[in-house]
1. Just give me the residues in the range 1-38 being under 19 Å from Val134 (Cβ atoms), surrounded by 14 or more Cβ atoms within 10 Å (Cβ to Cβ) and either aliphatic (A, V, I, L, M) or modelled with pLDDT under 90 (or both), in sequence order.
2. For the range 103-130, enumerate the residues that are among the polar types (S, T, N, Q) and at pLDDT 95 or above.
3. For Val109, all conditions in the list (1) in contact with a Phe, Trp or Tyr (Cβ under 6 Å, 6 or more places away or on another chain); (2) surrounded by 14 or more Cβ atoms within 10 Å (Cβ to Cβ); (3) not charged (D, E, K, R) hold save one; what is the number of the exception?
4. Applying the selection to the range 101-119, what residues are free of Cβ contacts under 8 Å to residues at least 24 places away in the same chain and either in a strand (DSSP E or B) or not polar (S, T, N, Q) (or both)?
5. Output the qualifying pairs, or none if there are none: Cβ atoms under 6 angstrom, residues six or more apart or on different chains, first residue in the range 40-66 and closer than 18 Å to Ala5 by Cβ, second residue buried (at least 20 other Cβ atoms within 10 Å of the Cβ) and of a type in the set (D, E, K, R).
6. Search the range 132-158 for residues being among the acidic types (Asp, Glu) and assigned to a loop (DSSP other than H, G, I, E, B), and hand back the single one that is surrounded by the fewest Cβ atoms within 10 Å (Cβ to Cβ).
7. Determine which member of the set Gln122, Gln98 is under 28 Å from Ala155 (Cα atoms) and either part of a strand (DSSP E or B) or of a type in the set (Val, Ile, Thr) (or both).
8. Assess whether Ala157 counts as being more than 12 Å from the chain's Cα centre (by Cα), among the small types (Gly, Ala, Ser) and closer than 30 Å to Arg26 by Cα.
Amino acid sequence: MERIAILTSTAPLRKTSSRMGVTKQRINLQAAVDLAYRFDVIIVGSLTADEVYDHFARSLPRDIRAKFRLYPRSFFHGFRTREIMRTTDDPRSPGWQQILSENGIPFEVLRSKVGSDHRHTQQRFSWEALSQFVTDPRVMLVTGGEGQLFYEKPAAAE
C-alpha cells in the first residue's frame, strides 16, 4: 500500500544557521531524504514563495525528486475570490481540497459531529484541521521544524 506524507508548511524542511552574525534559513535535505525513505508520495503545500519551492526542487537528489509534489503560493492564489470586501478569503482550504482530489486522497468536505450540548453541528472543510477531514488510512500528516519531523495519523482515517 502506498504511504503518503502531507505537509501544510515547509517548516519541517528548513533549518536555521548563523554565520558571522547573519542568520539564514536553508533547506534541510536530511529531513527530505528521511521523508523519501519513509513515504512513497510527499505532498508539500503552503503560501511559501514559489522561489523557495523552485530552489527546494532543484536541491533534491534526483532519485527522490519524483516522490515530492510541491504546491507553492502561486497555486493557492488561483483560488482567491474576486470580491471587493474579502476579509476571510483564505485560498488554502479550497487549494487543499484540490490537492487532495488530484492526488486521489479521500476526504470529507462537510463533517457532522455531536457537540457538548448533544446537538449535531456541521463543520466545513478547513486546511488547518486536515486531520478531521482526511479519511485515507495511507496518509500521515507531518509537522515539525528545524529538522524534527512529527507524524500524526488523521483522526478521520481511524
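1. Result: Ile4, Ala5, Ile6, Leu7, Leu35.
2. Of everything in the range 103-130, just one residue is among the polar types (S, T, N, Q) and at pLDDT 95 or above, namely Asn103.
3. Evaluating Val109 over (1) in contact with a Phe, Trp or Tyr (Cβ under 6 Å, 6 or more places away or on another chain); (2) surrounded by 14 or more Cβ atoms within 10 Å (Cβ to Cβ); (3) not charged (D, E, K, R) leaves (2) as the failure.
4. Glu102, Gly104, Leu110, Ser112, Lys113, Val114, Gly115, Asp117, His118, Arg119 - these are the residues of the range 101-119 that are free of Cβ contacts under 8 Å to residues at least 24 places away in the same chain and either in a strand (DSSP E or B) or not polar (S, T, N, Q) (or both).
5. Short answer, once both residue conditions are applied: none.
6. Glu158
7. That would be Gln122, the only listed residue that is under 28 Å from Ala155 (Cα atoms) and either part of a strand (DSSP E or B) or of a type in the set (Val, Ile, Thr) (or both).
8. No: the conditions fail for Ala157.
The values are calculated or read from the model by the stated rules, or taken from the named source; none is laboratory data. All of these numbers come straight from a predicted model, not from anything done at the bench. Using ideal geometry, Cβ is built from the backbone for each residue, glycine included, and neighbour counts are taken over all protein chains shown.
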